């Protein structure tokens, strides 16, 4: 089992995925890391830790909506819908990983 975590990257850099070797364009911001501090691509992250990928997506969308809606009283409806979708994806990814006792 691969243990992944979220790390905050302060500068943009290029690297390869520690699991599959794909080239990752790592922009500044949160990213997935393995225990040995190797970057992990989105595809491998979705396989091994879908809830973390959904959380990263939620953070990315929230940041975008926050920037666009900063100068208005209410952000546009399409941006709010994007935010709601990202929140639902995160909630769904968490609920899939929880196993209920019989």
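What follows is calculated from the coordinates using simple rules that are stated; it is not laboratory data. All figures in this text were calculated on a predicted structure; none of them were measured in a lab. Counting neighbours? That spans all protein chains shown, and the Cβs are built from the backbone with ideal geometry, glycine included.
Some notes on this structure:
- Mean separation of Cα contacts under 8 Å (6+ apart) over length of the chain, as relative contact order %: 21
- Rounded, prolate or oblate (a/c below 1.5 giving rounded, otherwise prolate when a/b exceeds b/c) for the stretch 1-47 by Cα gyration tensor: oblate
- Cβ-derived FRET efficiency at R0 22 Å, residue 88 paired with residue 15, nearest 0.05: 0.10
- Length gained on full extension, residue 77 to residue 62: 4.0 nm, using 0.36 nm per residue less the C-alpha separation.
- Pairs of alpha carbons in the chain whose separation is greater than 22 Å (percent): 39
- Rounded if a/c under 1.5, otherwise prolate or oblate - the stretch 49-97, Cα gyration tensor axes: prolate
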